[in-house]
1. For the range 293-324, enumerate the residues that are under 25 Å from the mean Cα position of the chain (by Cα) and in contact (Cβ under 8 Å) with a residue 12 or more places away in the chain.
2. Kindly evaluate residue 271 against the criterion of being assigned to a strand (DSSP E or B), surrounded by 11 or more Cβ atoms within 10 Å (Cβ to Cβ) and at pLDDT 80 or above.
3. Using beta carbons and a limit of 8 Å, which pairs, at least six apart or on different chains, have the first residue in the range 261-276 and of a type in the set (Val, Ile, Thr) and the second one modelled with pLDDT under 80 and crowded, with 16+ Cβ neighbours inside 10 Å?
4. Could you tell me which residue of the range 160-176 is farthest from the chain's Cα centre (by Cα), considering only residues that are surrounded by fewer than 16 Cβ atoms within 10 Å (Cβ to Cβ) and within 22 Å of residue 150 (Cβ to Cβ)?
5. For residues in the range 128-143 being touching a helix residue (DSSP H, G or I) at 6+ places or on another chain (Cβ under 6 Å) and not basic (Lys, Arg), which is nearest to residue 242 (Cα to Cα)?
6. Is it the case that residue 12 is assigned to a helix (DSSP H, G or I) and at pLDDT 75 or above?
7. Looking at 246, 264, which one is at pLDDT 85 or above and part of a strand (DSSP E or B)?
8. For the range 17-126, please list each of the helices (runs of 4 or more DSSP H) lying entirely inside it that holds at least 2 residues being surrounded by fewer than 16 Cβ atoms within 10 Å (Cβ to Cβ) and modelled with pLDDT of 85 or more.
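The values are calculated or read from the model by the stated rules, or taken from the named source; none is laboratory data. What you see is a predicted model; the values in this text were computed from it and never measured. Because the Cβ atoms are built from the backbone with ideal geometry, glycine has one as well, and the counts that use them run over all protein chains shown.
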Amino acid sequence: MAKCSCIVSLLALLWVEPALTQALSLDDCIRLALQKNQRLVSAGYAIQVAEFHRQETAALKRPTVSLRSGASFAPVTGLDPALTEGGEYAGLLEFQQPLYNGAIKPARQQAEVNFQQATVAQTRTAADIRLEVRLAYAELLRVQRQLTLTQASLGDLQSYLETVRSLAYGGAVPKTDIVKVEIQLQSEIIALTDLRAAAAVAMQRLLEPVGLSLDTTIAIQDTVAMPAVPERFVSNPDLSEFGFSIESAKLEVQLARAERAPVISAFGSAGGWTSRNQLIETDTPHIFGFHAGLSFELPLWNGGATAARVEQKIAARNALLADFEVLRRRFETE
């Protein structure tokens, strides 16, 4: 009798349902996940980074303007006695306009590819989150349904145990049947305990992608509305994102090769530039004016650093091509 009372007490403890604070459908969970999931927030910031990089590379062909001013003191004659003896004073507004730079075009193309890649990555992340939420929601619903069935089975077994006990005391059935039912009841209690633990784990797996605190308790609706299968499938986002990585790697090779190309720029400055001696002379010439010109810069030799950098970028590109082929074959076999 004491054993039966212990079983009844344990059943009473296991039967208590946790307090539910929210009731969410699958669509509600997906909507919350798309708003709160930090992976999607990070993907949004990655798009901003790519957009600002695109704006930065777009400005490479625009002229740059800077202000340079300063004063120096030289007690003895320097390289140019007309300017440096006694010190210099300068205030110049300088500009530079690139006319040809072989690295600008591939840099802009790479920035555009990186932006498209970040956009595809955000789309893929959103799709991954939706799938993760659907799977976690379905798993939690399955565990909760099984938990409900096990609880109902425990109630039936408890009633059956009382019936068998009455029959056994009346001599209609052997008392060993009581032991059999009690053993079965103990097994169901253990199963119920395991299911409660599984339900807690399933709840954590749903709360994590949804973006809610892991100590939150929610209720889900007893239904799953799965999305309709589209008639035509778009290209796989993983392959698309990998393709952008390959394009970026190809442009990295072009950027490395462009280090050998000449850089032609137009430059100029306007302002004042004089020396201390010129200022104190009575017949001081004009110190304000401007000048303009063209500059040509061609790298000739740097110890093979550029060649090594080009080969490095080529090897990285070939590695990505090999990885892409592996990924494509895996999708084909699946």
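1. 313, 316, 317, 320, 321, 323, 324
2. On the way: assigned to a strand (DSSP E or B): yes; surrounded by 11 or more Cβ atoms within 10 Å (Cβ to Cβ): yes; at pLDDT 80 or above: yes.
Taking the combined requirement at face value, the residue satisfies it.
3. Within 8 Å, the pairs are 274/83; 274/88; 274/89; 274/90.
4. Of all residues in the range 160-176, those surrounded by fewer than 16 Cβ atoms within 10 Å (Cβ to Cβ) come to 160, 162-163, 166-167, 169-176.
Among the residues that remain, those that are also within 22 Å of residue 150 (Cβ to Cβ) are: 160, 162-163.
Working: 160: 56, 162: 59, 163: 61 Å.
Among those that are surrounded by fewer than 16 Cβ atoms within 10 Å (Cβ to Cβ) and within 22 Å of residue 150 (Cβ to Cβ), it is 163.
5. Looking only at the range 128-143, we keep the residues that are touching a helix residue (DSSP H, G or I) at 6+ places or on another chain (Cβ under 6 Å), and these are 129-130, 132-133, 136-137, 139-140, 143.
Narrowing further to those that are not basic (Lys, Arg): 129, 132-133, 136-137, 139-140, 143.
On the way: 129: 19, 132: 21, 133: 24, 136: 27, 137: 30, 139: 31, 140: 33, 143: 37 Å.
Here the answer is 129.
6. Working: assigned to a helix (DSSP H, G or I): yes; at pLDDT 75 or above: no.
No; evaluated as a whole, the condition is false for this residue.
7. Numbers: 246 fails: part of a strand (DSSP E or B).
Result of the check over 246, 264: 264.
8. Numbers: elements: 26-36, 38-58, 81-84.
Answer list for the range 17-126: 26-36, 38-58.
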